[in-house]
Amino acid sequence: MPRDRRRRRPLRLAVTVVAVLAVATTGVVLALNRLDDHSPVAERCAATADGQAWHLSPAQSDNAALIAVTTVRRGMPARAATIGLATALQESRLLNIDYGDRDSIGLFQQRPSQGWGTIEQIMDPVYSTTAFYDGLDKVDGYTELPVTVAAQAVQRSGFPDAYAQHESRSRAWASALTGNSQGTLTCDLAPVDPATLVSTEESVSGLEARVQRDLGDLPLSADGAAVTVDALPLAGNPPEADRAGWAVAQWAVASADATDVVQVDVGDRTWSRESPEWAAAEAATDGSPHPGPGQVRVTVATTDEP
């Protein structure tokens, strides 16, 4: 072998090693920068039950929030939310898709040809969720039935046993979103993109519209970028203000990615994008009290924040 070729081999090896180290170093620096700006490596939400965290993407979590809280609004038991969530997980992976088997579409893969409604109606998550629960309400004794049987009675799926695989995940999310398990639903979210920020008035109006869409005409009051939601009308009879408050609070966290919510306060607990685990709320610098029984304070990101 020529001597100059033997000399070039170590040189090529050294250049390759330097290049690999440079790429690795760049990756580490980017990762550390990501950690320094408090952005999660992977945005995701979780509901915890019996020590097990059941994860969903922010988009799935947003749809789960609507599906579960609709049962609270209708006065249905948490079991209904478990059935609804298991059904949507199996049918669409909890995503509002515009395709499926034959003419099936939407969260619950309902078919226009089977009388579920028009394409436009079924692609509206509120309409499709309401239609599902209208059907479930007609199933006698559904709270005592296995999830597979109750879901199949509404859906008439070709694979009814498939709903069972989602029961544990659905139960954890249903328990949190109906307020029965407090402080068990969290979301790790990146800071709101500055390019998407709007004025306080627009941000608050968007949140209030979402509250009315999912929760109904609840009493609301705004103070700057913070909106206080009175959950007492959802508390039932006898009133369960604490449970209703936590249902709304965890709904607000589950849908935070879609609504640009940055902080949620209920009782003396708080969740925020910067500290995504529920923690004891610090006293407000202006001396304002924590939200009262059944009240939830939801703060949105805006261009007007200092």
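The values are calculated or read from the model by the stated rules, or taken from the named source; none is laboratory data. The model shown is predicted, which means the values in this text are computed figures rather than measured ones. For neighbour counting, all protein chains shown are included, and Cβ atoms are generated from backbone atoms with ideal geometry for every residue, glycine included. Ligands, DNA and RNA are excluded from the accessible area calculation, which covers all protein heavy atoms including side chains. Shrake-Rupley method; radii C 1.70, N 1.55, O 1.52, S 1.80 Å.
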* Among (1) under 28 Å from residue 300 (Cα atoms); (2) open to solvent by less than 10 Å² (accessible area, probe 1.4 Å); (3) outside any helix (DSSP H, G or I), where does residue 81 come up short? -> (3)
* **region 268-283, subset open to solvent by less than 40 Å² (accessible area, probe 1.4 Å) and either among the basic types (Lys, Arg) or modelled with pLDDT under 95 (or both), residue nearest to residue 188 (Cα to Cα)** => 273
* **Which numbered condition residue 138 misses (of (1) open to solvent by 60 Å² or more (accessible area, probe 1.4 Å); (2) within 19 Å of the chain's Cα centre (by Cα); (3) not polar (S, T, N, Q))** => (2)
* Quick one: how many residues across region 243-258 are open to solvent by 20 Å² or more (accessible area, probe 1.4 Å) and touching a strand residue (DSSP E or B) at 6+ places or on another chain (Cβ under 9 Å)? -> 1
* Test each condition in (1) out of contact with any helix residue (DSSP H, G or I) (no Cβ under 6 Å at 6 or more places or on another chain); (2) open to solvent by less than 40 Å² (accessible area, probe 1.4 Å); (3) of a type in the set (Val, Ile, Thr) for residue 178 and report the one that comes out false. => (1)
* Tell me which residues, restricted to region 227-242, are buried (at least 20 other Cβ atoms within 10 Å of the Cβ) and within 22 Å of residue 301 (Cβ to Cβ). => 227, 229
* **Test: residue 174 is closer than 24 Å to residue 106 by Cβ and small (Gly, Ala, Ser)** => yes
* **Test for residue 144: is it in contact with a helix residue (DSSP H, G or I) (Cβ under 9 Å, 6 or more places away or on another chain), more than 23 Å from residue 236 (Cα to Cα), modelled with pLDDT of 95 or more and open to solvent by 20 Å² or more (accessible area, probe 1.4 Å)** => no
* **Any hit, region 217-226, residues being closer than 18 Å to residue 71 by Cβ and either crowded, with 16+ Cβ neighbours inside 10 Å or charged (D, E, K, R) (or both)** => yes
* Which condition number does residue 155 fail, the rest of (1) buried (at least 17 other Cβ atoms within 10 Å of the Cβ); (2) modelled with pLDDT of 95 or more being met? -> (2)
* To do: Pick out the one residue from 298, 262 that is in a strand (DSSP E or B), open to solvent by 20 Å² or more (accessible area, probe 1.4 Å) and hydrophobic (A, V, I, L, M, F, W, C).
  => 262
* To do: Could you please let me know if residue 136 is under 19 Å from residue 48 (Cα atoms) and in a helix (DSSP H, G or I)?
  => no
